[in-house]
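Student: Next up is a structure, given as structure tokens.
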Amino acid sequence: VLAAELGLRPTKQRGQNFVTDPNTIRRIVRASEITEEDVVLEIGPGLGSLTLGLLEVARAVVAVEIDDRLASALPSTTRRYAPQRADRLTVVTEDALRLTTPPEPAPTAVVANLPYNVAVPVLLRVLEHVPTVRHGLVMVQLEVAERLTASPGSKVYGVPSVKTAWYAGTRQAGLVGRAVFWPQPNVDSGLVAFTRREPPRTTATREQVFAVVDAAFGQRRKMLRAALAGLAGSSAAAASVLESAGIDPTARGERLGITEYAAIAEALQRKDAA
């Protein structure tokens, strides 16, 4: 109904697939473990069905929406369906991928149906730029859910798995079938719960650690001494750096956890300083 009123046609470019099933909304809100203490950051609220569910339990919701029409309709939707909670909603018309300053009030949690095409960069950006976020739940394409929660050595373990692990512990929190969306996507979705934790103790910066991660996975299946040759200056130099970090130079990137990547970045830093 609301989509018709707005003359809205969901776009593939923005990955717009709206949840239309009330039971799924209730399930997401329950799985998110949001309490009345939480200020929730919702990315891409769309037509507002999840927003309304979150307003029932949270202290406040800050909704970040890139689509002008959807952003401007959200306050009136809230006044229509949850008038007694409308004052708990703040709408920010912005691209979540350009988020650099934390919105107000300061969010403590993230709950979002993330657009499939930008799910990982949006999540990483929020974890980087909104340090007050302690926990959350995101709905993403099932394949992305598997990547975000993968452990070292698993087939789908990769850059998203390692970079997310810098900020938080993750776990899969359920499957969502495609029939609950409009328009219906051609893939299933998964829920990923996360809890922020301290990054590994290291003298290397996050940027330095992430540069090692990118290099290690830039040439999958290669031994680390070859994959990191560019960063270290040569394959022999990379082997020496790896050995000083306590890592086997013939190991492959997909077998290492975030702590080991931090150790490699630190060893590289020592080499460059020598």
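Student: With in contact (Cβ under 8 Å) with a residue 40 or more places away in the chain, within 30 Å of Asn23 (Cα to Cα) and polar (S, T, N, Q) as the only criterion, which of Thr170, Thr164 stands out?
Tutor: None of the other options fit; the residue is Thr164.
Student: Hey, another quick one. Within region 207-230, track down each residue that is over 27 Å from the mean Cα position of the chain (by Cα) and not charged (D, E, K, R).
Tutor: Met223, Ala226, Ala229, Gly230
Student: What number of residues within region 90-100 are of a type in the set (A, V, I, L, M) and part of a helix (DSSP H, G or I)?
Tutor: 2
Student: List every residue pair whose Cβ atoms sit under 6 Å apart, with the two residues 6 or more apart in sequence or on different chains, where the first one lies in region 139-159 and is closer than 19 Å to Ala173 by Cα and the second, anywhere, is open to solvent by less than 30 Å² (accessible area, probe 1.4 Å) and assigned to a helix (DSSP H, G or I).
Tutor: Val140/Ala119; Val144/Ala119; Arg147/Pro160; Arg147/Ser161; Leu148/Pro160; Leu148/Thr164; Ala150/Ser161; Tyr157/Glu254
Student: Taking region 240-267 on its own, how many of its residues are open to solvent by 20 Å² or more (accessible area, probe 1.4 Å), farther than 21 Å from Lys155 by Cα and not hydroxyl-bearing (Ser, Thr, Tyr)?
Tutor: The number of residues fulfilling the criteria is 5.
Student: Looking only at region 236-252, how many residues end up being in a loop (DSSP other than H, G, I, E, B) and among the acidic types (Asp, Glu)?
Tutor: The qualifying residues number 1.
Student: Please work out if Arg196 is among the basic types (Lys, Arg), open to solvent by less than 60 Å² (accessible area, probe 1.4 Å) and at pLDDT 95 or above.
Tutor: For Arg196, the condition - among the basic types (Lys, Arg), open to solvent by less than 60 Å² (accessible area, probe 1.4 Å) and at pLDDT 95 or above - is met.
Student: Next up: Looking only at region 199-230, which residues are open to solvent by less than 70 Å² (accessible area, probe 1.4 Å) and polar (S, T, N, Q)?
Tutor: Thr202, Thr205
Student: Let me ask something else. Could you please give the count of residues in region 56-89 that are in contact (Cβ under 8 Å) with a residue 12 or more places away in the chain, within 20 Å of Ile25 (Cβ to Cβ) and either assigned to a loop (DSSP other than H, G, I, E, B) or of a type outside the set (A, V, I, L, M, F, W, C) (or both)?
Tutor: Of the residues in region 56-89, 13 are in contact (Cβ under 8 Å) with a residue 12 or more places away in the chain, within 20 Å of Ile25 (Cβ to Cβ) and either assigned to a loop (DSSP other than H, G, I, E, B) or of a type outside the set (A, V, I, L, M, F, W, C) (or both).
Student: Sort through Pro107, Pro103 and tell me the only one that's part of a loop (DSSP other than H, G, I, E, B) and either touching an Asp or Glu at 6+ places or on another chain (Cβ under 7 Å) or crowded, with 20+ Cβ neighbours inside 10 Å (or both).
Tutor: That would be Pro107, the only listed residue that is part of a loop (DSSP other than H, G, I, E, B) and either touching an Asp or Glu at 6+ places or on another chain (Cβ under 7 Å) or crowded, with 20+ Cβ neighbours inside 10 Å (or both).
Student: Among (1) over 13 Å from the mean Cα position of the chain (by Cα); (2) among the small types (Gly, Ala, Ser); (3) at pLDDT 95 or above; (4) not in a strand (DSSP E or B), there is one condition Ala179 misses while meeting the rest; what is its number?
Tutor: Among (1) over 13 Å from the mean Cα position of the chain (by Cα); (2) among the small types (Gly, Ala, Ser); (3) at pLDDT 95 or above; (4) not in a strand (DSSP E or B), the lone unmet condition for Ala179 is (3).
Student: Please determine, by comparing only the residues of region 203-235 that are outside any loop (DSSP other than H, G, I, E, B) and out of contact with any helix residue (DSSP H, G or I) (no Cβ under 8 Å at 6 or more places or on another chain), which one is farthest from Ala274 (Cα to Cα).
Tutor: Applying the filter and picking the extreme gives Met223.
Student: Being out of contact with any Gly (no Cβ under 8 Å at 6 or more places or on another chain), of a type in the set (S, T, N, Q), under 30 Å from Gly46 (Cβ atoms) and part of a strand (DSSP E or B) narrows it down to one of Thr164, Thr170, Thr195, so name that one.
Tutor: Only one candidate passes the filter, namely Thr170.
Student: Another one. Being at pLDDT 95 or above and within 13 Å of the chain's Cα centre (by Cα) is the filter here, so list the residues in region 91-111 that pass it.
Tutor: Ala109, Val110, Val111
Student: Please state which of the following conditions Thr259 fails to meet, knowing it meets all the rest: (1) without any contact (Cβ under 8 Å) to a residue 40 or more places away in the chain; (2) part of a helix (DSSP H, G or I); (3) polar (S, T, N, Q).
Tutor: All conditions pass for Thr259, except number (1).
Student: For region 160-179, does any single residue satisfy the condition of being charged (D, E, K, R), open to solvent by 50 Å² or more (accessible area, probe 1.4 Å) and under 30 Å from His135 (Cα atoms)?
Tutor: Yes, the conditions are met somewhere in region 160-179.
The values are calculated or read from the model by the stated rules, or taken from the named source; none is laboratory data. Quantities reported herein were computed from a predicted structural model and do not represent experimental measurements. All Cβ positions, even for glycine, are placed from backbone atoms using ideal geometry, and neighbour counts span all protein chains on display. Heavy atoms of the whole protein, side chains included, go into the accessibility calculation; ligands, DNA and RNA do not. Shrake-Rupley method; radii C 1.70, N 1.55, O 1.52, S 1.80 Å.
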